[in-house]
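Just so it is clear, none of the values below were taken in a lab; they were calculated from the coordinates. Computed from a predicted model, the values in this text were never measured in an experiment. Don't worry about glycine lacking a Cβ; one is built from the backbone with ideal geometry, like all the others, and counts go over all protein chains shown.
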Amino acid sequence: MNFTFSLANESDLESVHSLIRNCANALLASGLKQWDETYPDKNILLNDIKNKTLHCCKLNDEIAAVVVANRIQDKEYEAVNWKDKSNNFAVIHRLAVNPKMQRMGIGRKLMKHIEEYAKSEKINSIRLDTFSLNPASIQFYKDLDYTELEHIHLPYQPELFICFEKIID
């Protein structure tokens with residue numbers, strides 16, 4: 001399998017949005033109300049692209065997975081006891097793998113790419129949160145050696161989210 005990694009550009013917007021919608025629908029079909037028809041929307045994704053923070057993993061030139069890595073964290077993160085106190089971190093948002101391509105290691109490859117990107121940018125750690133009712137996602141980050149920290153409540157969701165962190169060395 002031929003994987004390539006790149007930042008998304010505006011010509012990728014429709015493909016990225018379609019992938020995100022397919023993931024949101026798959027989550028809803030499995031009973032997880034993590035994403036819906038309003039989040040993440042096309043404007044959020046376009047903003048990610050314009051800010052050069054939306055990374056793609058392509059398989060044979062088809063977008064197989066996307067993730068945003070930036071330095072923007074929800075204010076609820078301020079209450080978390082992060083291991084890295086340097087304030088030099090990246091935050092992961094909106095990791096999505098095409099449902100037809102899941103269980104092929106693509107999400108893992110994309111996260112490893114992001115870790116290498118963080119290392120090249122001299123970033124000390126990666127922070128993220130995941131939906132507490134999504135056991136596959138929780139296990140995914142544990143398998144990638146992310147440390148589970150505290151649970152937070154985000155204002156737009158009634159359920160808790162679990163914060164994870166990985167120190168980049």
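Checking each residue in the stretch 63-77 for being in contact (Cβ under 8 Å) with a residue 24 or more places away in the chain and not β-branched (Val, Ile, Thr) picks out Ala64, Ala65, Ala69, Gln73, Asp74, Glu76, Tyr77.
Condition first: over 26 Å from His153 (Cβ atoms), outside any helix (DSSP H, G or I) and hydrophobic (A, V, I, L, M, F, W, C). Now tell me which residues in the stretch 16-62 satisfy that.
Within the stretch 16-62, Leu54, Cys56, Cys57, Leu59 qualify.
Within the stretch 156-164, the presence of at least one residue that is within 22 Å of Ile44 (Cβ to Cβ) and without any contact (Cβ under 8 Å) to a residue 24 or more places away in the chain is confirmed.
For the stretch 49-71, the count of residues that are of a type outside the set (S, T, N, Q), more than 17 Å from Ile20 (Cα to Cα), surrounded by 12 or more Cβ atoms within 10 Å (Cβ to Cβ) and within 16 Å of the chain's Cα centre (by Cα) is at least one. Where strands (runs of 3 or more DSSP E) fall entirely within the stretch 92-169, those with at least 2 residues that are crowded, with 19+ Cβ neighbours inside 10 Å, of a type outside the set (Phe, Trp, Tyr) and under 15 Å from the mean Cα position of the chain (by Cα) are at 125-131, 160-167. Name, by its number, the condition in (1) touching an Asp or Glu at 6+ places or on another chain (Cβ under 7 Å); (2) closer than 20 Å to Phe164 by Cα; (3) among the hydrophobic types (A, V, I, L, M, F, W, C) that does not hold for Ala24. All conditions pass for Ala24, except number (2).
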